[in-house]
Amino acid sequence: MEKQKLTTKQLFLVASLIFGMFFGAGNLIFPVQLGQLAGHNWLPAVAGFLLTGALLPFLAMLAVSLTNSKSVYDIAKPAAPWFGTVFLVVIHFTIGPLFGTPRTAATAFSMGVEPFVPATYHQVAMLAFTAAFFGLAYFLTVKQSNLMKWVGKYLNPIFLALLGLILVLALFLPMGDLHQHATDAYQSQAAFQGILDGYNTMDGLALLALAVSVVYAVRGLGFEGANVSKVLAKSGLVAILMESLIYVATVLLGVSSLGTMKAAANGGTAFSEIVTHYTGNVGVLATGVIVTLAVFTTAMGLFVSFAQDLHKVFPKVSYLFWLRVIAIGSFVTANAGLTNIIAWSAPVLMLLYPYALALTLLGVTNKWVKQDAVMYRAVLLAVTVPAFLDALGASPLASQSWAASLATAYTTHLPLAAEGFGWVLPALGGVIFAMGWKAASRKPYGE
């Protein structure tokens with residue numbers, strides 16, 4: 001079969017799909033908040049943010065392709081089939097109906113609809129909005145092939161045009177300079193704090209799942225085998241560069257805004273106030289349109305990947321059934337409120353990220369690791385204790401005396417634990433142990 005050549009149109013279509021699927025409201029509002037908090041230390045902060053907010057998702061996408069994975073299950077299966085199943089279910093319910101997709105609708109409502117509705121009707125309006133939001137997402141994803149059409153061709157370009165308008169106005173009419181006050185967290189370790197802020201986007205987790213949908217879209221264009229990895233690498237790089245430029249621009253937007261206003265309670269409020277500053281009475285409406293388009297494309301991607309992956313692991317349960325699960329589950333959870341969603345997501349993210357990062361790095365180095373069971377088990381077992389301790393420190397239990405003592409001992413004695421990276425050295429220890437085991441047994445990797 002003759003090798004198909006990637007055209008420029010296909011390159012940007014796939015890049016647009018990748019960008020649109022994982023660039024949601026969090027990717028828009030967290031950098032603005034980072035800018036307001038980091039102040040004059042914005043450069044190291046944004047560099048750290050790009051590592052986990054841009055580079056990590058790109059590596060996750062490559063990991064899916066380089067291991068020829070068809071789902072999150074395939075990515076984690078080398079450790080053990082049961083672990084692959086558990087990891088897939090936990091990942092998808094985290095970025096799906098429990099936290100990720102409800103956050104998309106809740107954010108869109110709080111920034112685009114709530115300001116226009118009297119306080120006494122907020123709950124009713126939220127019910128109606130989320131019903132329409134998730135109902136439309138369900139309708140557009142019933143046919144899996146619709147994803148490329150709606151996200152890549154239509155929704156994403158509209159979103160970029162609206163966001164671009166705001167950023168151009170900010171470029172020519174800055175609200176202040178870049179020499180603004182940095183808060184305590186960004187005074188001495190701005191880069192580390194930026195890395196942790198990048199976790200909040202959930203992209204490192206989401207791309208392990210969303211990349212599968214992108215792989216299917218690339219294959220739908222006629223690419224097969226090794227060509228799929230090449231197309232993903234090129235298109236993913238374009239998408240990540242585009243995203244990184246927007247990250248830097250929105251961080252600078254946040255920094256300069258301090259010349260006119262005080263730091264807001266959250267990035268959503270900050271972005272809304274900035275847009276209102278530039279566009280007057282239509283600012284709130286413009287914010288609502290931009291954010292709703294951003295989160296809706298992400299919700300569509302999460303719907304499809306959730307249903308596709310769970311259908312493959314549980315083939316007796318249909319794609320449509322899982323699509324209904326995420327639609328109804330997201331509707332129920334979203335009405336619990338955005339504040340509750342964000343509060344409860346923190347410990348879950350701190351638990352899952354060490355596993356996700358370890359699997360991503362193992363997948364990217366698959367040329368040498370070859371999905372070796374010993375290597376996977378050693379590394380994942382090594383990160384388990386730090387992952388649970390990080391989750392404990394971010395949970396409501398952290399206020400308990402026994403939990404506080406445990407957290408203090410953990411952050412004091414394990415290097416990088418205080419910065420949120422206590423899993424790194426144990427993971428390296430797992431790699432060294434696995435290499436020694438393979439050398440002693442004289443078995444090649446993959447056996």
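Anything in the range 398-427 that is farther than 21 Å from Y199 by Cα and either in a helix (DSSP H, G or I) or among the hydroxyl-bearing types (S, T, Y) (or both)? List them, or say none. S399, S401, W402, A403, A404, S405, L406, T408, A409, T412, H413, listed by residue number.
Return the residues of the range 175-202 that are under 23 Å from the mean Cα position of the chain (by Cα) and part of a helix (DSSP H, G or I); say none if nothing qualifies. The answer is A185, Y186, A190, A191, F192, Q193, G194, I195, L196, D197, G198, Y199.
Checking A373 against (1) touching a Pro at 6+ places or on another chain (Cβ under 6 Å); (2) closer than 22 Å to L56 by Cβ: exactly one of these is not met. Which one? Of everything listed in (1) touching a Pro at 6+ places or on another chain (Cβ under 6 Å); (2) closer than 22 Å to L56 by Cβ, A373 misses just condition (2).
Per the conditions (1) out of contact with any His (no Cβ under 8 Å at 6 or more places or on another chain); (2) of a type outside the set (A, V, I, L, M); (3) farther than 30 Å from A434 by Cα; (4) touching a residue at least 60 places away in the same chain (Cβ under 8 Å), the sole criterion not satisfied by Y319 is (1). Check the range 287-295 and report whether any residue there is in a helix (DSSP H, G or I) and modelled with pLDDT of 85 or more. No.
Only one of the listed residues (L210, L196) is at pLDDT below 85, assigned by TED's automatic domain parsing to the domain that holds V89 and within 22 Å of L88 (Cβ to Cβ). That residue is L210.
Taking the conditions exactly as written (aromatic (F, W, Y) and modelled with pLDDT of 85 or more), does Y445 satisfy them or not? No; evaluated as a whole, the condition is false for this residue.
Each row is one residue, and each column tells you yes or no for (1) surrounded by fewer than 24 Cβ atoms within 10 Å (Cβ to Cβ); (2) under 20 Å from A211 (Cα atoms).
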| position | (1), (2) |
| --- | --- |
| P31 | no, no |
| N41 | yes, no |
| V46 | no, no |
| F49 | no, no |
| D74 | yes, yes |
| A79 | no, no |
| G84 | yes, yes |
| H92 | no, yes |
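For the residues A307, A270, A294, A299, the requirement of being closer than 13 Å to L163 by Cα and in the same structural domain as G164 (by TED's automatic domain parsing) singles out A294. Taken over the range 342-360, residues that are more than 17 Å from A378 (Cβ to Cβ), aromatic (F, W, Y) and surrounded by 20 or more Cβ atoms within 10 Å (Cβ to Cβ) amount to 1. If you take the residues in the range 54-74 that are in a loop (DSSP other than H, G, I, E, B) and touching a residue at least 60 places away in the same chain (Cβ under 8 Å), which one is farthest from V231 (Cα to Cα)? Once the filter is applied, the top-ranked residue is S71. Evaluating P157 against the criteria (1) at pLDDT below 80; (2) over 13 Å from the mean Cα position of the chain (by Cα); (3) crowded, with 17+ Cβ neighbours inside 10 Å leaves one unmet condition, (3). A191 meets each of the listed conditions (1) among the aliphatic types (A, V, I, L, M); (2) more than 17 Å from T279 (Cα to Cα); (3) at pLDDT below 85 apart from (3).
The set of residues in the range 373-412 that are crowded, with 23+ Cβ neighbours inside 10 Å and either without any contact (Cβ under 8 Å) to a residue 24 or more places away in the chain or acidic (D, E) (or both) contains only D390.
From the residues in the range 436-447 that are part of a helix (DSSP H, G or I) and free of Cβ contacts under 8 Å to residues at least 12 places away in the same chain, which one is nearest to A190 (Cα to Cα)? So the residue we want is G436. Take Y376 and tell me if it is among the hydroxyl-bearing types (S, T, Y), over 30 Å from G267 (Cβ atoms) and assigned by TED's automatic domain parsing to the domain that holds T141. Answer is no for this residue. Scan the range 426-433 and give yes if some residue there is out of contact with any Lys or Arg (no Cβ under 9 Å at 6 or more places or on another chain) and farther than 12 Å from M375 by Cα, otherwise no. There is at least one residue in the range 426-433 that is out of contact with any Lys or Arg (no Cβ under 9 Å at 6 or more places or on another chain) and farther than 12 Å from M375 by Cα.
The set of residues in the range 21-48 that are assigned to a helix (DSSP H, G or I), aromatic (F, W, Y) and under 12 Å from the mean Cα position of the chain (by Cα) comprises F22, F30.
Pairing residues of the range 222-235 that are over 15 Å from A63 (Cα atoms) with residues that are crowded, with 19+ Cβ neighbours inside 10 Å and of a type in the set (A, V, I, L, M, F, W, C), at Cβ distances under 7 Å and at least 6 apart in sequence or on separate chains, gives F223/V231. For residues that are farther than 15 Å from F129 by Cα and either surrounded by fewer than 24 Cβ atoms within 10 Å (Cβ to Cβ) or in contact with a Cys (Cβ under 6 Å, 6 or more places away or on another chain) (or both), tally how many sit in the range 294-328. Count: 16. Taking the criterion of being surrounded by fewer than 18 Cβ atoms within 10 Å (Cβ to Cβ) and part of a helix (DSSP H, G or I), the residues of the range 249-277 that qualify are T269, T276, H277.
The values are calculated or read from the model by the stated rules, or taken from the named source; none is laboratory data. No experiment lies behind these values; they were computed from the predicted model shown. Virtual Cβ from ideal backbone geometry, glycine too; neighbours counted across all protein chains shown.
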